[in-house]
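Below you'll find the structure, written out as structure tokens, and then a few comments.
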Ligand code: FAD
């Protein structure tokens, strides 16, 4: 089955409580390990930016569950493409907290010094996630 990469952005809702992030990461890592999905999730207390990579069918299934999750809304796909190899293969879901989303990094990949992923192209979002990967501890 073809390897696929999907990148989307979304906005947190009131149903996402402070402890929800841990619950999301635990569920993500469990499902993703089973489904051989790898990726990265960044979050700045308002927006999520996530990359999922894996077989096309498993990525589509995961995205469908994620899209229906009421803990976030306005879920928009920035990029969806067939790929020849994974770049986040070490992470069932690497997590990037707000502290890593610096003004310098934001200005490098968007028109603003704050984290505005809805205004990023898929290519910029991917490049930003690649940059964030450099300081990510392995799962
Ligand atoms: P459960 O965790 O038991 O959830 C059952 C249903 O309840 C689901 O519809 C779920 O959306 C909903 N739900 C669960 N907890 C809450 C809550 N506290 N408030 C409101 N509704 C709730 N899943 C993955 O498998 N891989 C990922 O990479 C991934 N990334 C995610 C990224 C984000 C930003 C978010 C918000 C969710 C992500 N999820 C991911 C979780 C995904 O949306 C589903 O919740 C999860 O896959 C379903 O897990 P489950 O089958 O164990 O059901």
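Quick one: would you say residue 45 is in contact with a helix residue (DSSP H, G or I) (Cβ under 8 Å, 6 or more places away or on another chain) and on the phi > 0 side of the Ramachandran plot? Judged against the criteria, residue 45 is a match. Would you mind stating whether residue 105 is assigned to a strand (DSSP E or B), in contact (Cβ under 8 Å) with a residue 12 or more places away in the chain and surrounded by 13 or more Cβ atoms within 10 Å (Cβ to Cβ)? Judged against the criteria, residue 105 is not a match. Filtered by the rule that a residue be over 18 Å from residue 73 (Cα atoms) and more than 6 Å from the ligand (Cβ to nearest atom), the range 20-31 gives 22, 26, 29, 30.
In this structure, residue 130 does not qualify as out of contact with any helix residue (DSSP H, G or I) (no Cβ under 8 Å at 6 or more places or on another chain), at pLDDT below 95 and assigned to a helix (DSSP H, G or I).
Screening 83, 66 for residues that are within 14 Å of residue 7 (Cα to Cα), out of contact with any helix residue (DSSP H, G or I) (no Cβ under 7 Å at 6 or more places or on another chain) and surrounded by 19 or more Cβ atoms within 10 Å (Cβ to Cβ) leaves exactly one candidate, 66.
A quick yes/no check of all residues on (1) part of a strand (DSSP E or B); (2) near the ligand (Cβ under 8 Å from one of its atoms); (3) in contact with a helix residue (DSSP H, G or I) (Cβ under 8 Å, 6 or more places away or on another chain):
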site: 1; (1), (2), (3): no, no, yes
site: 11; (1), (2), (3): yes, no, no
site: 17; (1), (2), (3): no, yes, no
site: 33; (1), (2), (3): no, no, no
site: 53; (1), (2), (3): yes, no, yes
site: 58; (1), (2), (3): no, no, yes
site: 61; (1), (2), (3): no, no, yes
site: 88; (1), (2), (3): no, no, yes
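In summary, residue 88 fulfils each of the numbered conditions (1) modelled with pLDDT under 95; (2) under 21 Å from residue 132 (Cβ atoms) with the single exception of condition (1).
The values are calculated or read from the model by the stated rules, or taken from the named source; none is laboratory data. All values derive from a computational prediction rather than experimental measurement. Glycine gets a Cβ as well: all are built from the backbone with ideal geometry, and neighbour counts include every protein chain shown.
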